[in-house]
Structures are given as structure tokens and as C-alpha cells.
1. Once the piece of chain linking Arg522 and Gln332 is laid out straight, how much longer is it, given 0.36 nm per residue of separation minus the C-alpha distance between them?
2. If the chain between Met680 and Ala630 were fully stretched, how many nm would it gain, using 0.36 nm times the residue separation less the Cα-Cα distance?
3. Restricting to Cα atoms and excluding each atom paired with itself, what does the Kirkwood estimate give for the range 443-598 in Å?
4. Modelling each spin label as a point 7 Å along the Cα-to-Cβ direction, I'd like the Leu164/His601 distance in nm, to one decimal.
5. Sorted from largest to smallest, which semi-axis lengths in Å does the alpha carbon gyration tensor of the range 405-521 give for its equivalent ellipsoid, taking the root of 5 times each eigenvalue?
6. What is the packing order of peptides 97-107, 211-221, taking the mean over residues of other C-beta atoms within 10 Å and listing the highest first?
7. If we count every other residue with Cβ under 13 angstrom of Glu284's Cβ, Lys/Arg +1 and Asp/Glu -1, where does the sum land?
8. Spin-label point model (7 Å from Cα, Cβ direction): what's the Leu282 to Glu125 distance in nm?
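Here, each number is a calculation from the coordinates, and none is a lab measurement. Model, not experiment: these values are computed from the prediction. Every residue, glycine among them, receives a Cβ derived from its backbone with ideal geometry; neighbour counts consider all protein chains shown.
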Amino acid sequence: MAEPILRVAVASPLHRLFDYLPPRGWTAALAPGMRVQIPFGRGRSVGVLIEIARTTDFDPAKLKRVQAILDTTPILPDDILAMARWAADYYHHPLGEVLAGCLPVLLRRDQALQPQGETIWQLTEAGRTADPKDTARAPQQARALSFLAEHPEGVNRAQLEAALIGAHVLRALLLREWIERSVRAPATSAATHVTVNAPPLNPAQAEAVDAIQTARGRYQAFLLDGVTGSGKTEVYLQSITDCIAQGKQALVVVPEIGLTPQLIERFQQRLGHTPALLHSGLSEGERLNAWLAARAGDAAVIIGTRSAAWVPLARPGLFIVDEEHDPSLKQQEGFRYSARDLLVWRAHRDGVPIVLGSATPSLESLHNAQQGRYQHLSLPERAGAACAPRLHLLDIRNQQLDEGLSPALLTHMRAHLERDGQVLLFLNRRGFAPTLLCHACGWVAECRRCDAHLTLHQRQRHLRCHHCGSQQPIPVQCPQCGCTDLRPLGAGTERAEQALARHFPDYSCVRIDRDSTRRKGRLEDLLAQAASGHARILLGTQMLAKGHHFPGVTLVGILEADQGLFSADFRAGERLAQQVIQVAGRSGRAERPGEVLIQTHHPEHPLLQQLVEAGYPAFAQAALAERQAAGLPPFSNLALLRAEATDASAPEQFLMEARDAVDAKSATGVEFWGPVPSPMERRAGRIRAQLLLVARDRKHLHKLLAGWVPRLSELKSARKVRWSIDVDPIDLF
Ligand code: ADP
Ligand code: ZN
Ligand code: ZN
């Protein structure tokens, strides 16, 4: 009988599987989802077996053999394999790369499917009964023995280091066979006990929890649309408690910045389980361990960022996506997928309920709810004693601003601080100033490699580009006219911090942005100072705006709302509204009422008026009507083909050729907008352009893409550019 053909997905830009023969004389079982080691190109690679076929399009005599089958059982269950195939089709991305992206890094290599244990040291029987005389002349060994005797359960490297026991001492003791080393499986999701009890739910919360429980064991998507502080997290917690009680696992996906120690602690206290964590701050070993615990069913609750949507679960029971509107749920490079949309697909496939929560739902999800695809659950009021904050626009036209702070804002700040309130100021611009200006000739510092200004970072004494990362020293004189009167233009968080120290010397201020939190553990420190009320003024970028619960904050100031009002991106308005409402939501979360002041040069702008007068739901309704009139998402479907190259004409050439490569028949129902230069045409020394595809009917778009995308790399001009396809792009950069 002919040997079976193994179809393998390998990380490669090619849109196809690769055929191999099994290792010679292989008789053991083979199944899709096992990893295989294969010769690939000039080296070798690890791929995932996708299909076992009888025939091949190639000459079977020329097929290479798999070098090793790495697993005895599939490492990926059926649902994840199916989701990978679906995602490869939907996002038009090669399956091998999709799979590589969804596996923990260690499993992309030939790492065995075992937890990465930690090494521990313990006394042996001989060590326990060693005669003290034998170590009389080795005091360090004696000390190590007595330390280990106090810890019969074993100690790890960190504990040894803390006790100042060096490696040479351990070696000596190992040689004498008084101690032994072993590898212990790490604890990932230990059941602890509930230390904080659930509050009684208010009627809206109870209704939501009830609806979610009613959907146990079947697919149902919910949009949990609850104003900030309305108790959405409480709804998650009680739904998860129910899920665990059914013996199932709950998976919670949060945006990058949402995964704070505060949130994890709250889950732990309330659920009586240490959640398994999956995020980029962990070591590869820790991530593998959490992944394995989820896959084995040992972890009852898994909390993670975007890539956690891919984690296998032995007994899936409930999916939750918190802050479902957040752009960080969409991967913006390489394999560009939306973790939210994938999880909805997965919930359907696994037959479990999924909850998408937000105070500012995306227009896509609101539309899905209005179409009846999602069940709309709303929490219209704040939970407990808190009430909704009042929003006001502060007209700053003709006002004397001090580093971006208006006199009216300063007066309000003082009043709140004197009444023991905390003040939170939002400025989505880090650094000292957005750029440096020559007062004599008007020269501004621009990046040599991007169409962008350089940001002045006073503390680090350099100018830096926030788009390509390049930096240079601050010039002492203008490169254009030689004048030395160079002035910072505008204010970033660093500069606002200085002004605040000047105005409020008696109140401590913390600044939270990417610069101030670079060091590991620093963000946690600063957030703790903010939450405890120790810091009285909190200043920060969007890192400060999302999800946090600062009960002492009574005043929120938004230093600049105008940036988002005039952007070319059709989603800018939605983003601005979400940002304003999310930041505003940090105020008045406890007994004391909150106030929100929004500084603007455009107090008459309809978007701001609407937000302040009627709130987010009214804004969203109006925005949906505009999108419908303009034929934009969610009333149409987009795909964006981007190209970039150092050669200025290559990107447009490629995009033109790509557009011409579409045959008229498959173009039915799809419009082409462009090619046009990207909004930031030059970035990191490359010229960028894009071609937008718009279709009312998703099927038309996907039919076209399926035939077209795999052929793009064969175009003559493709060799001169880097290109990518982005399905459902969330920004048009
Ligand atoms: P959200 O996730 O919508 O921002 P949270 O669940 O964090 O809201 O709740 C906001 C605050 O209200 C928290 O301090 C929470 O403990 C409290 N809270 C939530 N639900 C209730 C309730 N039913 N009774 C009393 N307090 C509640
Ligand atoms: Zn000059
Ligand atoms: Zn740059």
C-alpha cells in the first residue's frame, strides 16, 4: 500500500500546505494537530500536520520525509485547528503563519509538551542525618544545610539567592550527595479560597447574569453595554463563578493595558482561583505553563491579552472580551486578526456563550446587537452609591494657557484638591513637547525618515520620533538660520508635569505614560499610588484612561479634545468619543460625585456637543446613521492592501499592477479606492501607499480576495515592495 501523504503547515509567506512522507517505517498513529520536524528550504523547521492524504500533486518519489513526529497526540484540539483554518481564509494569511502565531514560542520549536519546571533543591536522607562535625571546616556548607533543613518542601533558585547561598556551595553538597536537585511542575492555577464575597446585584446586573446563565452550554453572543462603573466586572465575576461551578473553564480577554494587578487580585479574591495568565510580560516558560494548564483543564480561569483567544481549553464554558471596542484587540502587524471576532467565531463553534463588554461599544458591535445577532444587555446606571459624572466643555479660545492648563481648569483643580478629591488629567501625548521650533525662522524639528515631527524629551535630552524610534541630540542652534532661540512648541506630559509641580507644590503628582513606566514593575507602583490616594494628581496618556478604578478621583480634566475632531480617518470621531467617555469614567466612582472638564477650541463642534448633552448612546446612534449614509463599516466591509518601499514609485506601481490583476468577473460588488499615498506617506525611510477595497456584501469581498491575494507575490512589482493585506482594518494608516 502506498504511504500516506502528510500535508503540513509551515510558517512561510506561501499560501499553501507542503507535502511530506512519514519517517521511514513509521507505524504509530498520526493525527492532524501533531507537530512534525521537517526539512524546509535549506534548513529545518517545525510544522503542524493538517491533513493525511492519499494523493499529492507532486511526484511522490521526490517528496521529502518528515524527520521526526514531535508529539504523540495532537497539541492543538479540533476547535483551534478549525479556527486557524477559518482565520487563514478570512484574513487571507498563510495557515502556517497563523498556526505559528497561535502557539507559545517554545512550542514553535521542538520543545516537548511538558511544563517548564523550576529546579528546586532539597536535602537527601544522608544530608538530613549528616554529622555536624563533617562540615565543621566548611561553614558555608553548614549554613546551607541548616537553611535547607528549614525548608523540607525544597527551595528554588530565587530563595537560595536571597539566602546568599552560592552555586559553588551547592556543587560541593551535591558531590557529597547531601542534597539533590529536582524539577517541579509550577503551580499555575491553584484553587485558593474566596476572600471577598459578592455584593448583592442590582436589578440590571441580575438580569444580565441571568441571561448569561440561561445560555449555558450553547452559543449566544451578548453585548454587555454598561456605563463606566456600572458593575460589568461584577457581572463577569458572577457569570464565571457559575461557569466554574458547572465544572467548565472561563476565558477572559482584555486589552493590553487592562491586565493590571488590581484586576487579577479582584478575580483571585472573588473566584477562589488563581487565574492562569497569558500576556507578553511573562517569560516563555511561564506562558507555556499557563497554556498547558488551560489545555489540560487544570486552570479554571484564564485571563490574557489578544493572543489568549487561541489558547486551547479542555472544557470551554464561557468567553468574555472586556473593553471590546479597544483597538489593541486587533493585531496590527503580521497576521492581522481581531481577537474579539475570532472569539465570537470560536464561541459559535464550541457552543458556549460569549460576553462582549464595554461602556463605549464599537459601532460594529452595536450594529450586531441592533440586527439581533447579539443580545443587548444594558447597565444604564452606576452600581452602588456612585452616580454618573457631569461633563462640561471648557472653551479655551483666547485663554492664557500655562503649558496647556487653562485658568478655569486650575481653579477647579484647586477646589477639588482642597476638598480632598483626587484629580486625573488626561493628555495623550508623551514627551516634553510635540516639537522644537526656531523662533527666528520658523524651522521645526522633523524626522529625517518620517513625515512627522520629532518629540522633545527634555529629561533624556534628545529629540525622538514616535513613529520610527530614531533619535538625535537637541540642537543648540537652528540648522536653518543658526539662531539659538529654539523653543519647545506645545505641551506633552513631561512638560505638563513640570507646570503642575509649579502650581501645586504641596500635592504629589504621578505621571503615567510609556516613558515613565519603562522599568519593570514601575507601572504597578504608580497605579498603586494612584489607587491608594497617595498621589493626589494623576497625569497620563491613554495608559491611565482605561479600566482603572480610582475611587478617590472627583475631577477629570481632558487637556485636549481637538486632535480627534479633524482627522482624515473615518473612525477618528468614534475613537475620540470612546476616549472622552472612558477617561471621564475614571471620576466619581465612589460616593462623591465626579466632574469632568474638557478643554477645547471648538466648543460648538457637534460631536462634543452631542457627547456632553446626550452621552455616548446618542453619539453612537448618530455616527451609525452617518456611516450608513457614507457606505462605511459596519454597513460595508473593507480590506486594505498596503505597500511600502524605499523606492518612491514602487508602492504605487505595485498597487496599480495589483488592481489591474483583478479580473472583471470576480470584481463584482467590490469598489477600489486608490491607490493613494498613506496618510503618513513616509515612515522609517520608506514610502507608503495603499489601496482600499470596499464591498457591501462580505461574500463578494472574500471571493475576490481568495483568488487575488495568493497571486500578489507573483506580480513583477511585488519584489520591490513590502506588502500586506488587512481585512477589517481598524485604522487606515
Ligand atoms: P465596571 O466594570 O462596569 O467599570 P465594576 O464592576 O468595576 O464596574 O464596579 C464598579 C464599582 O462598583 C466597584 O467598586 C464594584 O465593587 C462596585 N459594585 C459593582 N456592583 C455592585 C453592586 N451590585 N453593589 C454594590 N457595589 C457594586
Ligand atoms: Zn531658524
Ligand atoms: Zn521617524
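1. On the way: separation 190, 0.36 × 190 = 68.40 nm, distance 2.60 nm.
Stretched fully, the Arg522-Gln332 segment lengthens by 65.8 nm.
2. Length gained between Met680 and Ala630: 15.6 nm.
3. On the way: mean 1/r = 0.0564 Å⁻¹.
Taking the inverse mean of 1/r over all distinct Cα pairs, the range 443-598 comes out at 17.7 Å.
4. 6.2 nm
5. 31, 17, 11
6. Details: 97-107: 21.4, 211-221: 16.5.
Ranked by mean Cβ neighbours within 10 Å, highest first: 97-107, 211-221.
7. Details: positive: Arg108, Arg109, Arg287; negative: Glu286.
Here the count lands on +2.
8. 3.8 nm
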